[in-house]
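Input: a single structure, listed below in structure tokens.
The values are calculated or read from the model by the stated rules, or taken from the named source; none is laboratory data. This one's a predicted model, so the numbers in the text were calculated from it and none came from an experiment. Neighbour counts run over all protein chains shown; Cβ positions are idealised from the backbone, glycine included. Keep in mind that these areas ignore ligands, DNA and RNA; they rest on the heavy atoms of the full protein, side chains included. Shrake-Rupley method; radii C 1.70, N 1.55, O 1.52, S 1.80 Å.
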Amino acid sequence: MACAQVSARRVDEDAFMKRLIFVVEDEIEVSEMAQWCLEEAGYAVRTFSTSNVIQDAEDSHPSLMLITMMMPDGNGLDLCRQIRENRALARTPIIFLIPESAEEHRALALESGADDCIVKPFSPRELVARVQAVLRRFGPANGRSRTETADLVIDSLAMKVSVRGSEVPTTSLEFRLIEYLARHRGQVFTRDLLLDAVWGDMQFVTPRSVDACIRRIREKIEPDRTSPTYLKTIRGVGYRLDAVAAWQLTPNDGCTCLACTTPLGASRLASSERRRRPST
């Protein structure tokens with residue numbers, strides 16, 4: 001069986017043995033396949049056929065969540081946003097399971113805060129590989145804290161970015177673009193997709209607006225902006241961030257006010273600024 005092959009190809013099994021993964025999927029066959037393959041790969045798995053999983057996640061602190069797009073009692077996009085707005089869960093990696101006939105859902109999933117997407121039906125090998133790839137992006141390196149090993153340290157609440165230990169000034173738009181690319185490290189994005197995800201409905205923006213913002217960001221974060229190593233251009237396609245990023249949570253000193261207990265991602269803070277972009 002394919003899952004047996006996945007099991008035989010485990011990488012650093014001990015590092016993954018105790019990691020818990022939530023599978024939020026109401027299709028029984030899909031849920032059982034995901035559980036079987038992930039358990040064969042050395043993960044602990046809990047499955048849910050309901051979107052009402054926030055309390056369980058707060059109690060169990062899963063290392064990653066697989067979420068389907070539509071549930072009988074809710075919407076996967078709404079669940080993803082709830083997770084990103086929950087202080088205890090905001091940094092939990094999320095992978096969406098999307099139908100093959102609804103590829104347009106990929107952009108919606110990424111915009112809502114997902115870290116990756118897998119099209120159903122998926123192969124066992126792809127599922128495990130994508131899960132491992134996302135966990136590597138969010139996991140510690142060499143036993144040290146992620147902020148010690150990261151190229152970029154992002155404080156979403158304060159909207160600050162530090163590069164190699166030094167804070168760099170950014171506009172709100174530059175910050176949103178950096179954070180969006182950092183959450184999807186290693187993925188290539190076209191200019192149009194970045195416009196939809198970061199600029200939203202702002203007026204008078206074009207693909208050239210992305211180029212200009214990328215250029216300004218490179219001036220601030222690249223060791224040598226004439227030869228970018230963090231933020232790369234993929235000729236004929238778009239841009240990809242290769243820098244390793246970590247997220248810094250701002251201490252709230254025990255405060256229980258709404259601002260401290262319900263942090264919003266910077267990309268959502270921007271929603272009040274957005275205006276409808278004229279159609280072309």
>> For region 28-95, what does the relative contact order come out to in percent, with C-alpha contacts under 8 Å and a separation of six or more?
In response: 29 percent
>> Need the list of aspartates and glutamates near Lys160 for cross-linking: C-alpha distance under 17 angstrom, and skip anything on the same chain fewer than eight residues off.
In response: Glu148, Asp151, Glu174, Glu179, Glu219, Glu222
> Rounded to the nearest 0.05, what FRET efficiency is calculated for Gln82 and Ile28 with R0 set to 22 Å and r the Cβ-Cβ distance?
Replying inline: 0.35
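Can you give the relative contact order of region 116-242 as a percent, counting alpha carbon pairs under 8 Å and 6+ residues apart?
Taking the mean separation of contacting Cα pairs over the length of region 116-242, I get 19 percent.
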> In nm, to one decimal, how far is the Thr206 label point from the Asp59 one, both placed 7 Å along Cα→Cβ?
Replying inline: 5.6 nm
>> Need one number: nm distance between label points at Arg46 and Thr190, each 7 Å from Cα along Cα→Cβ, rounded to one decimal.
In response: 4.0 nm
>> Considering only protein heavy atoms and a probe of 1.4 Å, how much of the accessible area of region 74-113 is carbon and sulfur, as a whole percent?
In response: 48 percent
>> At R0 = 22 Å, how high is the FRET efficiency between Thr226 and Met159 if r is their beta carbon distance? Nearest 0.05 is fine.
In response: 0.20
>> At 7 Å along Cα-to-Cβ for each site, give me the label-to-label distance between Glu104 and Val168 in nm.
In response: 3.6 nm
